[in-house]
Every structure is written in C-alpha cells, then in structure tokens.
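These notes concern the structure reproduced below.
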Amino acid sequence: MEYVDRLIAAGRPELAEQLRRTWRNAVMLCAKYAEGRKRYYRGGDAGTLGGEIPVGASKTGGYPDLPPEIPYPEMTGFARTYLKADPRWRVEIVPESSMQLLAQINLRELAESGADTEHLLPETGMLYFFYSHYGCDVFAGSKHPDPYSVVDVQDPKRAQIAKVIWWDGDMQTLRRTAPRLPYCEGVIPGLEEECAVAFYAEDNYDTEQLADADEICDILEIEEEDLLPHGDRLLGIPWTVNPRDMSGSDINLMQMSADEGSVVSYCFAIGGQALRERDFSSARYWEDCD
C-alpha cells in the first residue's frame, strides 16, 4: 500500500488510516502478448505463440472451453409488452438465444500469478462469465415489478441475461464449444476476437468512501483516478460513472469495460458469504451506464 506509506511519511497518519480502510486488492486483466507484442488471436497471427489460444487458457471473447456436462448457457425467448406504447410497437418478440462469453479464467493460472493476494477466489478450475447482450435485465420484474412493461417468458429456467459458472474438474475434458443458437443482438463490440489475458495485482481505494479524497490526492500529488484506476478486473473495487449497484457486503467479482451504446461496463457482484461458500450461482449481474 504505497500511498498509505507515503501519507505516513508525510506526517498524516489519520489520512493514511482513512485510506487504508478503503483498500482492496484488484486482479487486473491485461492482454497477453507474444514475442513482438502481437495479440494471441483465434485466427492465428504471425509472431504469436502458436496463433490459437490453447483450450483452457484464460481469455476474453471467443467460444468458451466447456466440459461435456455443462451445456452452453442460453437465454430464453420472451415477449415484452410495453403498456404505454403505441399499439404498433407495443409487443417486442425476442427469440431464444445463446449468451456470449465475456471471459473465462483458468484459476490455476491466476493462483500461480500471485495476483489474488487476498486468496479470495478458488485456486483450481475454470470461472466463466456469460452475457446475453440484450441490454438490460428484462427479467428483473419478478423481484422489482416494471410499471411500463410485462414480460412473458418461454422457459423460466433460462430467464436470465447473464451467468457465472465455476467448474472444477478434469481439464483434459474441456472442449472449445460453439453456441447452438445465434447471439441475441450479434457479437458484443470489442469481443469480435478472443484475446488471451494475464493478471497483475493492483491496489484499489474506494474513493466513494473517502471523506478527504481531495486532500489526500493533493498531498500525494496524484489524481483521484490513481487511487481507483480504470480497467478490467476481478475483485477490487469497480470504477464506475454512477454509484455502484452493490450492497455493503457485496464483493466485485468482475468488471469488464463495454463498448456498446450507453453501457460503460459489465459488472458482476457476489455476496461475501456466497464467495466463501463458492456459491457462484448467486452472483448478480449489473451494468454501469453513462
């Protein structure tokens, strides 16, 4: 915690303690490069380490590497009736579709990197993040009724726009798996090509909880963004444009930058107890919009 140490050295232990209380370690995701600093692409590229990303490697985008017992995640089809819309556009029909892989994390690779300094995530297996690309949680009405629309789903078991899966088994059984159905709204911008990722640890400080953020930054001669940098991450504290849609006990499971419309980033939160119990099925998707 370099900034905490610098505040102590500057004779401001009270600010150092304030900053320390907001600290979390983030596992930052960065593109993994081969010799010549070219990306590791699915289609192959001269200068990369073999062209295609190995099955089971950590990556963003592309097709997931799934074991035979896990079906490819899908979103149910549904009809959405807008209650106050013009009758000509009142009903939206959305067919069933495949979710798209945002990222798959080889947890052994992560453990060997040492980036998860708090040892919050499992150290073996695969962690998958999927998203339907529909654009909003259309199924949230079951918990928070929408006064403007009613949704009739075909398959309640698949009534979700995102999904997190943790699998811990024989890595030799993984196979690159193509979706059975088209994606809901085409390929997610920025994920047209898969990209291998590496990990590094970075200090995150919760600037929303700092009463004296300006004074701290002045003493350290830094910008507020240096306390909470932008970027894709596991754990840590998500950088957001708007207040975070997380409770006090939630942990940031993943944040990935978005490049579609008003969506700034795709975010997944999980309760601390659920993470300790490895109950990744309870992870909740939310998105930050500008």
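Just so it is clear, none of the values below were taken in a lab; they were calculated from the coordinates. Note that the structure is a prediction, hence the values are computed from the model and not measured. Quick reminder, even Gly has a Cβ in these numbers, built from the backbone with ideal geometry, and neighbours come from all protein chains shown.
Things worth noting here:
- For the chain, the mean residue ellipticity at 222 nm estimated from helices alone is -3500 deg cm²/dmol, where every DSSP H run of n ≥ 4 contributes -39500 (n - 2.57) and the total is divided by all residues, rounded to the nearest 500.
- Among 84-95, 3-14, sorting by the average number of other beta carbon atoms lying within 10 angstrom of each residue, highest first, gives 3-14, 84-95.
- Contact order relative to length of the stretch 102-244, as percent, for alpha carbon pairs under 8 angstrom and 6 or more apart: 22 percent
- Dipole magnitude for the stretch 22-289: computed about the Cα centre from +1 point charges on Lys and Arg Cβ and -1 point charges on Asp and Glu Cβ, it is near 1480 debye.
- Of the two radii for the stretch 22-289, the radius of gyration is 0.98 times the Kirkwood radius, both from the alpha carbons; that is the Rg over Rh value.
- The chain: relative contact order as a whole-number percent, Cα under 8 Å and 6+ apart: 23 percent
- Positive-end extreme of charge dipole, the chain - chosen from 117, 60, 133 (charges on Cβ): 133
- Interchain or long-range residues, amide H under 5 Å from residue 29's placed H: 232, 233, 234
- In terms of surrounding Cβ atoms within a 10 Å radius of their Cβ, 199, 139 rank from fewest to most as 139, 199.
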